[in-house]
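Asks: Before anything else, here's the structure in question.
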Amino acid sequence: MTPSADARPKAVMGTDMRTHLGATQIPNPVLTASGCAAAGRELDPFLDLTALGAVVTKSVQLRARSGRATPRMSETPSGMLNSIGLQGPGIDELLRTDLPWLAERGARAMVSIAGGAVEEYAELATRLRGARGMVALEVNISCPNVESRGEVFACDPAAAWAVLAAVRAADPGVPVYAKLSPDVTDIASVARACVDGGADGISAINTLLGLVIDTDTLRPALAAVTGGLSGPAIRPVALRCVWQIHRAMREIPILGMGGITSGADALQFILAGASAVSVGTAVFGDPNAPERISHELANALASKGFARLSDAVGFAHQSVDFPA
Ligand code: RRO
């Protein structure tokens, strides 16, 4: 249920919530997560899009795509399984309607791009160069619902490097974040390959590959059989990934996500090493969640004595001697 206006927590005066996406400063560390609200219009009646760090748009491809067959969503314990399959209008339509709509409202856009080949990512980055309102690119190399696992570039450091190097060459100036999959043995080595390729930061994590079987039909619940698991069920996995990436590369900014439903959840990601967070699955139950969580996070930071968000980034690593 959406909290009433009066019940919503208000930010404590004086908590400095400013952070960065690459070199670009943003006023609020809470962003939407790609895929849970298209390009933000659905959320507009419920929150002030301009107050968020950025709206992260649904991963866009070169051409429009209808996505996977239905059913393509299934509820799971503390989460959700999806096999949307990159449904979307394609880059032409995003540039023609969605990005101008966000820019006219003064909302910042972090544009998520996805492709089936390195060249497609490069072409998308080229098409988006200088797009009004775009503050960063999120390079989605980890969608679990692609035609073949060979397209999950984030499962192979060399392939991840190649995508990020191509995007960096296509647009040398834009802040670029690589979105990674938790379904790997060593996420820190994939993150390092992305940074070596030219990424400014890391988005962690995408959904985990999962399966639900319907015990009435005795068949998989999703038409595509497998799907991506999101929601609070994956939060400890996401937090572990953020922790490992921060431990490996302390200077690299991380956009943390995975089951964040409250300011306390967001604070965990900040303490693990994220300098911003994305809120995704929570908006299905509470479309005001990103705004609510940003106020709750400010209050949580203030109550722990942090005058600045930046002072809390990675704080939990202090005096922890374990290697990973
Ligand atoms: O569209 C999807 O099926 C999808 C994408 Br692009 C993604 O990155 N993660 C996910 O769980 N679903």
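Asks: Which pairs have Cβ atoms under 6 Å, sit 6 or more apart or on different chains, and link a residue in the stretch 82-104 that is within 9 Å of Val60 (Cβ to Cβ) and open to solvent by less than 30 Å² (accessible area, probe 1.4 Å) to one that is near the ligand (Cβ under 8 Å from one of its atoms) and basic (Lys, Arg)?
Replies: Gly88/Lys58
Asks: Follow-up question, since we're still on this one. Select, from Ser66, Ser59, the only residue that is crowded, with 21+ Cβ neighbours inside 10 Å and within 12 Å of the ligand (Cβ to nearest atom).
Replies: Ser59
Asks: A further question on this structure: Find the residue count for the stretch 189-206, including only residues that are away from the ligand (no atom under 16 Å from the Cβ) and hydroxyl-bearing (Ser, Thr, Tyr).
Replies: Residues that pass the stated criteria total 1.
Asks: With respect to the numbered conditions (1) in a strand (DSSP E or B); (2) over 25 Å from Thr281 (Cα atoms), which one is the sole condition not fulfilled by Met110?
Replies: Failing condition for Met110: (2).
Asks: Could you list, in sequence order, all residues of the stretch 197-236 that are outside any helix (DSSP H, G or I) and surrounded by fewer than 16 Cβ atoms within 10 Å (Cβ to Cβ)?
Replies: Of everything in the stretch 197-236, those that are outside any helix (DSSP H, G or I) and surrounded by fewer than 16 Cβ atoms within 10 Å (Cβ to Cβ) turn out to be Leu211, Ile213, Asp214, Thr215, Asp216, Thr217, Leu218, Arg219, Ala223, Val225, Thr226.
Asks: Also: What number of residues within the stretch 177-196 satisfy the criterion of being open to solvent by 40 Å² or more (accessible area, probe 1.4 Å) and more than 20 Å from Asn145 (Cα to Cα)?
Replies: 4
Asks: Might you let me know whether the stretch 260-276 holds any residue that is within 15 Å of the ligand (Cβ to nearest atom) and either part of a helix (DSSP H, G or I) or open to solvent by 10 Å² or more (accessible area, probe 1.4 Å) (or both)?
Replies: There is no residue in the stretch 260-276 that is within 15 Å of the ligand (Cβ to nearest atom) and either part of a helix (DSSP H, G or I) or open to solvent by 10 Å² or more (accessible area, probe 1.4 Å) (or both).
Asks: For the stretch 33-56, which residues satisfy the criterion of being away from the ligand (no atom under 12 Å from the Cβ), part of a loop (DSSP other than H, G, I, E, B) and open to solvent by less than 30 Å² (accessible area, probe 1.4 Å)?
Replies: Ala37, Ala39, Gly40, Leu47, Leu52, Gly53, Ala54
Asks: List the number of the failed condition for Ala289; all other conditions in (1) more than 18 Å from Ile205 (Cβ to Cβ); (2) out of contact with any strand residue (DSSP E or B) (no Cβ under 6 Å at 6 or more places or on another chain) hold.
Replies: Exception for Ala289: condition (2).
The values are calculated or read from the model by the stated rules, or taken from the named source; none is laboratory data. Just so you know, these numbers come straight off a predicted model, no measurement behind them. All Cβ positions, even for glycine, are placed from backbone atoms using ideal geometry, and neighbour counts span all protein chains on display. Protein only, heavy atoms only, side chains kept; ligands, DNA and RNA dropped before computing areas. Shrake-Rupley method; radii C 1.70, N 1.55, O 1.52, S 1.80 Å.
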